[in-house]
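Derivation of every value follows stated rules applied to the coordinates shown; laboratory data play no part. What you are looking at is a predicted structure, and each value in this text was computed from that prediction instead of being measured. Cβ atoms come from the backbone with ideal geometry, glycine included; neighbour counts cover every protein chain shown.
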Amino acid sequence: MQLINLDPSSILILFLAFALGGLVKGATGAGSPVIAIPVLTIFFDAKLAVAVMAVPNLFSNMVQIKQFRKSVASIQFSLRFAFFGSIGCFAGSTLFILSSTRIIELLVGGVTILYVFFSLTKNSNKISRQFANRIAPIMGIIGGFVQGTCGVSAPVALGYLNSIAMNRNEFIFTISCFFGAMAGAQLVLLTLFSFFTWELLVVGILALAPLTLGMPAGERLTKKISSQAFEKLILTFLVVLSIQIFAKPYI
């Protein structure tokens with residue numbers, strides 16, 4: 001695995017990647033790995049990108065869990081979905097450790113494209129809470145497995161939660177519980193396998209600064225531009241990132 005040389009250019013890339021991730025996280029409640037991991041994959045090692053994201057991912061979701069907890073009447077569904085997500089994440093993280101860097105790169109690029117596809121084709125069809133509760137273990141495990149393997153489970157988790165009628169606060173709380181639980185599971189397993197090093201911990205802690213600055217900026221941004229315009233900008237950016245990831249060995 002390629003290590004990060006903390007020279008000025010690398011620090012700038014890290015700052016921009018996590019600031020953009022925080023911007024999207026603050027605006028939508030989810031999305032920091034969707035942006036930060038593809039950016040880091042282009043400039044660094046895909047496995048390093050997934051691993052270093054775990055610390056800021058855990059922190060940013062804990063912040064939003066605390067922020068939105070009081071506005072959610074019942075947390076049973078959110079915790080259940082998160083619990084099964086962590087189970088899937090343990091399995092996915094095992095595959096992540098055993099896979100080659102190029103496979104992880106392709107998974108990151110592929111899942112990013114899937115995120116764009118589902119975002120463009122999403123509709124207003126909703127499922128009942130009763131059915132959502134029934135399939136929560138399956139969707140949690142699948143989403144957790146994808147998160148564990150490539151660090152980006154948004155196509156699964158957001159697709160599932162968008163199909164349930166819930167307000168913005170409940171949505172953000174639920175997705176934050178899910179991502180937070182998986183970040184914790186990733187950190188535990190990667191540490192047990194001696195994959196998560198002190199260097200990655202330091203980089204992850206440093207990444208908290210731009211991520212934390214980006215989140216309130218994202219919240220303010222949603223009040224100034226339409227959500228449709230913001231989404232189009234992000235999706236265009238993700239398509240460009242995916243193309244670069246697929247072409248990485250040739251450029």
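In nm, what is the difference between 0.36 nm times the number of residues separating Glu231 and Val188 and their Cα-Cα distance?
Details: separation 43, 0.36 × 43 = 15.48 nm, distance 3.32 nm.
Extra length available between Glu231 and Val188 comes to 12.2 nm.
Net charge around Lys25, counting only other residues with Cβ within less than 15 Å of its Cβ (Lys, Arg = +1; Asp, Glu = -1)? Mind dumping the intermediate values first?
Details: positive: Lys66, Arg168, Arg220; negative: Glu219, Glu231.
So the environment of Lys25 carries a net charge of +1.
Alpha carbon centre of the range 78-99 versus the range 150-183: separation in Å?
14
Of the options Thr212, Val111, Thr222, report the single residue whose Cα projects farthest towards the positive end of the charge dipole of the chain (beta-carbon charges: Lys, Arg +1; Asp, Glu -1).
Thr222
Show me, for the range 75-85, the HN-Hα J-couplings you get by feeding each phi into the Karplus relation (A = 6.51, B = -1.76, C = 1.60, θ = phi - 60°), rounded to Hz, glycine and proline as x.
Along the range 75-85, the couplings run 10, 4, 4, 4, 5, 5, 4, 5, 4, 6, x Hz.
Just going by the charge dipole of the range 8-250, with Lys and Arg at +1 and Asp and Glu at -1 on Cβ, which of Leu190, Ser71, Ala91 is farthest out on the positive end?
Ser71
Using helices alone, I'd like the mean residue ellipticity at 222 nm for the chain: each DSSP H run of four-plus residues gives -39500 (n - 2.57), total over residue count, nearest 500.
Numbers: 11 runs with 199 residues, N = 251.
That calculation yields -27000 deg cm²/dmol at 222 nm.
Taking the 0 to 90 degree range and rounding to the nearest ten, how far is the long axis of helix 46-68 tilted relative to the main principal axis of the chain, both from C-alpha atoms?
30
Work out the FRET efficiency for Leu16 and Thr121 from their Cβ-Cβ distance, taking R0 = 25 Å, and round it to the nearest 0.05. Can you show the working numbers first?
Numbers: r = 29 Å, r/R0 = 1.17.
Calculated value: 0.30.
For a label point 7 Å from the Cα of Gln76 along Cα→C-beta, name the residues of the range 158-179 whose backbone N is under 17 Å from it.
Residues 174 fall inside that zone.
Give me the dipole magnitude in Debye, nearest 20, for the chain about the Cα centre, with unit charges on the beta carbon: positive for Lys and Arg, negative for Asp and Glu.
For the chain, the charge dipole is close to 860 debye.
To the nearest 10 degrees, how steeply does helix 101-121 sit against the main Cα axis of the chain, on a 0 to 90 scale?
30
Please identify the trypsin sites (Lys or Arg not before Pro) of the range 196-229 that satisfy two criteria: DSSP loop assignment and at most 16 other Cβ atoms within 10 Å. Which are they?
Values: sites: Arg220, Lys223, Lys224; in loops: Lys223, Lys224.
The qualifying sites are Lys223, Lys224.
Based on C-alpha coordinates, I'd like the Rg and Dmax of the range 150-251, in Å.
Cα only, the range 150-251: 16.8, 45 Å (Rg, Dmax).
Specify the angular offset, from 0 to 90 degrees and rounded to the nearest 10, of the alpha carbon long axis of helix 227-246 from the longest principal axis of the alpha carbons in the chain.
Helix 227-246 sits at roughly 40 degrees to that axis.
State the Kirkwood hydrodynamic radius of the range 8-250 in Å, one decimal place, computed from all pairs of distinct Cα atoms. Spell out each step's value before the answer.
Details: mean 1/r = 0.0568 Å⁻¹.
Hydrodynamic radius (Kirkwood, Cα only) of the range 8-250 equals 17.6 Å.
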